[in-house]
Amino acid sequence: LIDKEILGCLKPEAGIINVSRGKVVDTDALTEALENNSIRYAILDCTYPEPLPADHPLWKKDNCFIFPHYATNTMDVREKLVTDIQPIIEDHYGLGHSDARQKAEEKILRYDLAVAHRLTAKYNMDMLVWNHISARHRSGCLITPGRKMWGSIVPEDMVFSSSNVTADIIHEAIYSARPDVKAVIHLHTPAATAVSCLEEGFQPITQDSAYFYGKVATYEWDGVSDDASEKPDIANAVKSVAGCNTLLMYNHGFACFGSSVKEAWVLAYYFERCCETQLRVMQCGGKLRRPKKMVMEKAAEASYLPEFAPGAQEWEALCGEISFD
């Protein structure tokens, strides 16, 4: 039904949403239209062939979203499918009634980011105007301004492109590697930076470190991150550990990331504490007692239960510590 001729009649700002059958849309013609930017996007719950071959170009198109053909005849799933699709269109392309919703979301993100900056300064985890925190928004992210002390940052200070080029490189690399990540915090805190200089790196040896058990990726320092060509290397480092929430950057610092600003910040706070504990244990000179693998695996699983997940209990109380008056 929708072939090259039909696609050629569409306006450049048009898109294709297929939740019916894969053969309804000519896959080759659609691929060509997306590659030539003759249409704006495609959202596909079904394809032909299905599944698409692993090397098919549609998998790599940023403006093509492919769902796992989960539309069914139940009203519940149909409602969820529509709910999933609408935010994708609105978030990425500013269509429909997205403006008011995006403004409301941006206001919340700006507040959370400003709180996170203030908290970082309050707990002595900042480094003057350096380092950065970001939150994914629309097709980019809100991020640290780069020229203001963190203890005085307010929601209006957040920008869509930092004056610190390393911020854009590191954060964009992590976001590109992990579409599920909504916030990133990159710091050079004393204990974590010291651990980044150790040959053995970070060691999860306490209950608090269960958050990071099997979830810390590492990256070899490649000098000041001011070259965009470094993005793929950082992205590959993040991808090397499935489901990781932390990137330990050797001889540099670290980045924590999660589904929200509160999750990323609370993870960063606990990571610094765990690194401090590791250094104190090393300093005492005693024989290290490592927790059993089975115990750590169970603790790691429990640490992400709703009531224990990073930020679930702490964030409201932490926000109460900050005032922008």
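The values are calculated or read from the model by the stated rules, or taken from the named source; none is laboratory data. This one's a predicted model, so the numbers in the text were calculated from it and none came from an experiment. Note: ideal-geometry Cβ built from the backbone for every residue, glycine included; neighbour counts use all protein chains shown. Ligands, DNA and RNA are excluded from the accessible area calculation, which covers all protein heavy atoms including side chains. Shrake-Rupley method; radii C 1.70, N 1.55, O 1.52, S 1.80 Å.
Here are a few things to note about the model shown:
- When the test is whether a residue is out of contact with any strand residue (DSSP E or B) (no Cβ under 6 Å at 6 or more places or on another chain), open to solvent by less than 40 Å² (accessible area, probe 1.4 Å), part of a helix (DSSP H, G or I) and in contact (Cβ under 8 Å) with a residue 12 or more places away in the chain, residue 233 does not pass it.
- In the condition set (1) assigned to a helix (DSSP H, G or I); (2) open to solvent by less than 10 Å² (accessible area, probe 1.4 Å), residue 181 is compliant with all but (1).
- Whichever residue in region 266-288 is in contact (Cβ under 8 Å) with a residue 40 or more places away in the chain and over 20 Å from residue 124 (Cα atoms) and, among such residues, is surrounded by the fewest Cβ atoms within 10 Å (Cβ to Cβ): 288
- Residue in region 257-273 that is of a type in the set (A, V, I, L, M) and not in a helix (DSSP H, G or I) present: no
- Here residue 291 passes the criteria (1) over 26 Å from residue 114 (Cα atoms); (2) modelled with pLDDT of 95 or more; (3) not small (Gly, Ala, Ser) except the one numbered (2).
- In region 126-152, the residues that are free of Cβ contacts under 8 Å to residues at least 60 places away in the same chain and assigned to a strand (DSSP E or B) reach residues that are of a type in the set (D, E, K, R) and open to solvent by 70 Å² or more (accessible area, probe 1.4 Å) with C-beta atoms within less than 6 angstrom, at least six apart or across chains, in these pairs: 136/182.
- Qualifying residue in region 295-302 (condition: open to solvent by less than 50 Å² (accessible area, probe 1.4 Å) and not hydrophobic (A, V, I, L, M, F, W, C)): no
- Selection from region 1-31 of residues that are loosely packed, with under 15 Cβ neighbours inside 10 Å and among the acidic types (Asp, Glu): 3, 5, 13, 28
- Residue within region 197-216 that is surrounded by fewer than 18 Cβ atoms within 10 Å (Cβ to Cβ) and under 17 Å from the mean Cα position of the chain (by Cα) present: no
- Residues that are at pLDDT 95 or above, within 24 Å of residue 320 (Cβ to Cβ) and surrounded by 22 or more Cβ atoms within 10 Å (Cβ to Cβ) do occur in region 150-172, at least one of them.
- Residue among 272, 307 that alone is of a type in the set (Asp, Glu), within 22 Å of the chain's Cα centre (by Cα) and closer than 21 Å to residue 197 by Cα: 272
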